[in-house]
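Quick notes on the structure that follows.
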Amino acid sequence: MKINASCVIIGAGINGCTLAYELALNGMKDIVVVEKNFIASGATGRCGGGIRQQWSTPMNIKFAVESVHIFEKLDEMLNYKTEYFQGGYLILAYTDEEVNQFEKNVRLQKSLGLEVDIISAEQAKKIVPRLNVDGVKAATYCATDGHANPFYVTQAYAQKAKELGVKFLLDTEVHSIVTEGNNIKSVTTNKGNINTDTVINASGGYAHLIAKMLNIDIPVKPYRHEILVTEPVNRIIDPMIISFYHSIYFRQELNGGILMGQGDPNEPSSFNVEGSFPFVQEVTSKVLKLMPCLKNVAMVRQWAGLYSVTPDAQPILGPVGDFEKFIQVVGFSGHGFMLAPRVAQHLSNYIINGNTSYEMKELSIKRFENAQLNVDVNVV
Amino acid sequence: MGGINIMELDDRDIIICRCEDGTLADVKDAIHRLGLRSVEEIKRVKRFGMGHCQGKTCGKIIAQIISQELGIPYEDIKPATPRQPAKNIRLDKFANYNGGKNED
């Protein structure tokens, strides 16, 4: 195999596929996406599918709000039923500190144009009547938050990208990136070489390994994150429900299954994506306290995927190191799926037109040189 | 007796995944239109094997269809990644699990 490419995107997850689509849509030719397994086989296809705008940093909020505008017309734009559903996000506060933080978050979110409110436990119960609100001091609710099916969204972008001429090389693993001075010359894979001067790192949980090929350290670490899903039941939950206090979230899929996940602060950094029994015990005991009516519902499947986490829970966008054309779209820290549609537009504008947006400057790797990081605390 | 001539059945009427109502037409669409090549990919994009039986029924049938449609030997087609639990178990059984003591 010998190919010439205008750019090589490493990774066919949500970020690789949205970017391939945006680049092709804006006239770029000879785009090649290299994927070790298959489309959405990594973190994207294992994620909870939530689309939330209630973050605590301006950049995460802005990208999420603007991505929602894209998600709202995505099915029509890509001609694919992606199961996008705006059932809202309900975030529960159990302590005074959480209430204070949520008030601060909501002020910031409103200042950026998001319709979101602090509501009482009683109001939360009106939104999810079967929710046990014992101990809930307050909650925040945004009706335009929601979820979509990550496989369908990624497949939809990939299909359209293919129609626009993007080449996808599946089962193809990148071995090295060949350089000359500060320029990229080619990408070496298990199937041969691809000549290119531009490489986009969209490799999710493996992002630091790709950067390492150019001897660049990026502050992104992979962490296992586990999820389980139940058999389908009647419609009982519209919003995604989050409790940072319990480190859990759960939602109901459109087909009726209840999906639940947990963030474990003691999880070590690794590439482990096996499901564990302690996770199932912990998440079920917590969720059954919040939703006792689920006790007789059966679990059908559990799995895990990798969060690629940065020190401030915000992605790293743009070039790194001395290579102007080694471009990162990495480190989404568990919220890549929901930010990708808008992020891809910023990156495409940068790659094609050389425009570095305000957002890209804010999320450049250079921010880690500052002592004061603006850390997003709304992470589970 | 009237009955159905199975040779005349439309692909859309042949159920492959009974848990998720997936048909032969869906599998062929996945292979030929979407370009999917494995049981795992078809599971993820078409939900085959994501229901109650977790692919115990449809998994091998899908492997056979892939084998036929793409001309790949059946033995070379990998099953989807098996996921726990082996059979459906109520959430409260997990939440109340105490290491196997005093189970009902």
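Numbers below:
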{"quantity": "Cα-projected label distance for A:Leu254 with A:Ser111, points at 7 Å along beta-carbon direction, nm", "calculated": "3.7 nm"}
{"quantity": "Interface size A-B, as summed buried accessible area [1.4 Å probe, Å², nearest 100]", "calculated": "2800 Å²"}
{"quantity": "0 to 90° range, to nearest 10: angle between helix A:336-353 axis and chain A longest Cα axis", "calculated": "30 degrees"}
{"quantity": "Area accessible to solvent at A:Thr356, 1.4 Å probe radius, in Å²", "calculated": "60 Å²"}
{"quantity": "Average accessible area per residue (Å²) across segment A:218-273 - probe 1.4 Å, nucleic acids and ligands excluded", "calculated": "36 Å²"}
{"quantity": "Three-way shape call for segment B:14-95 based on the alpha-carbon gyration tensor, with the a/c threshold at 1.5", "calculated": "prolate"}
{"quantity": "Global geometry of the protein assembly as shown, whether rounded, prolate or oblate, following the gyration tensor of its Cα atoms and the 1.5 cut on a/c", "calculated": "oblate"}
{"quantity": "Gain on full stretching of the segment that runs from A:His175 to A:Asn266 - 0.36 nm per residue minus C-alpha separation", "calculated": "29.6 nm"}
{"quantity": "Degrees, to the nearest 10: A:277-290 long Cα axis against longest axis of chain A", "calculated": "50 degrees"}
{"quantity": "Pair B:Asn98, A:Asn353: separation of 7 Å Cα→Cβ label points (nm)", "calculated": "6.6 nm"}
{"quantity": "Sites B:Arg12 and A:His69, calculated FRET efficiency, Cβ-Cβ separation with R0 51 Å, nearest 0.05", "calculated": "0.90"}
{"quantity": "Portion, in percent, of the accessible area of chain B that falls on carbon or sulfur, probe 1.4 Å", "calculated": "52 percent"}
{"quantity": "Shielding score for A:292-303, defined as the mean number of other chain Cβ atoms within 10 Å", "calculated": "5"}
{"quantity": "Karplus 3J(HN,Hα) series, Hz, for segment A:112-127 with 6.51 cos²θ - 1.76 cosθ + 1.60 (x for Gly, Pro)", "calculated": "9, x, 7, 8, 8, 9, 7, 10, 7, 4, 5, 5, 4, 5, 5, 6"}
{"quantity": "Kyte-Doolittle mean at least -0.5 and Cα axial length at least 27 Å: DSSP H helices in chain B", "calculated": "none"}
{"quantity": "Isolated Cys in chain B, by beta carbon distance under 4.7 Å", "calculated": "B:Cys19, B:Cys53"}
{"quantity": "Global form of segment A:231-380, assessed from the alpha-carbon gyration tensor, a/c cut-off 1.5", "calculated": "prolate"}
{"quantity": "Cross-link partners of A:Lys366 among lysines (Cα-Cα below 23 Å; sequence separation of 8 or more within a chain)", "calculated": "A:Lys62, A:Lys212, A:Lys221, A:Lys325"}
{"quantity": "Distance between segment B:13-52 and segment A:147-203 - C-alpha centres, whole angstrom", "calculated": "26 Å"}
{"quantity": "Angle in degrees between helix A:14-25 and the longest Cα principal axis of chain A, rounded to the nearest 10", "calculated": "50 degrees"}
{"quantity": "Amide H contacts under 5 Å for A:Ile316, placed H, 5+ residues apart", "calculated": "A:Val330, A:Gly331"}
{"quantity": "Apportionment of accessible area to carbon and sulfur, segment A:240-380, percent (1.4 Å)", "calculated": "50 percent"}
{"quantity": "Accessible solvent surface per residue of segment B:14-95, calculated while the other protein chains remain in place, 1.4 angstrom probe, Å²", "calculated": "50 Å²"}
{"quantity": "Simple label model, 7 Å out from Cα along Cβ direction - A:Asp322 to A:Ser285, nm", "calculated": "5.5 nm"}
{"quantity": "Net charge dipole size for segment B:14-95 [Lys, Arg +1 and Asp, Glu -1 on Cβ; Debye, nearest 20]", "calculated": "320 debye"}
{"quantity": "Solvent-accessible area of B:Lys46 with every protein chain in place, 1.4 Å probe, in Å² to the nearest 10", "calculated": "50 Å²"}
{"quantity": "Contact order normalised by residue count of segment A:1-59, Cα under 8 Å, 6+ apart, percent", "calculated": "39 percent"}
{"quantity": "Percent RCO, i.e. relative contact order, over segment A:313-380, from Cα pairs under 8 Å lying at least 6 residues apart", "calculated": "38 percent"}
{"quantity": "Surface accessible to a 1.4 Å probe, B:Ile4 within the full protein complex, Å²", "calculated": "130 Å²"}
{"quantity": "Reach of A:Lys126 by Cα under 18 Å, taken over aspartates and glutamates that are not fewer than 8 positions away in the same chain", "calculated": "A:Asp117, A:Asp134, A:Asp145, A:Asp238"}
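The values are calculated or read from the model by the stated rules, or taken from the named source; none is laboratory data. Everything quoted here is computed from the prediction, not taken from an experiment. Here the Cβ is made from the backbone with ideal geometry for all residues, glycine too, and neighbour counts use every protein chain on show. The area values use the complete protein model at the heavy-atom level, side chains included, leaving out ligands, DNA and RNA. Shrake-Rupley method; radii C 1.70, N 1.55, O 1.52, S 1.80 Å.
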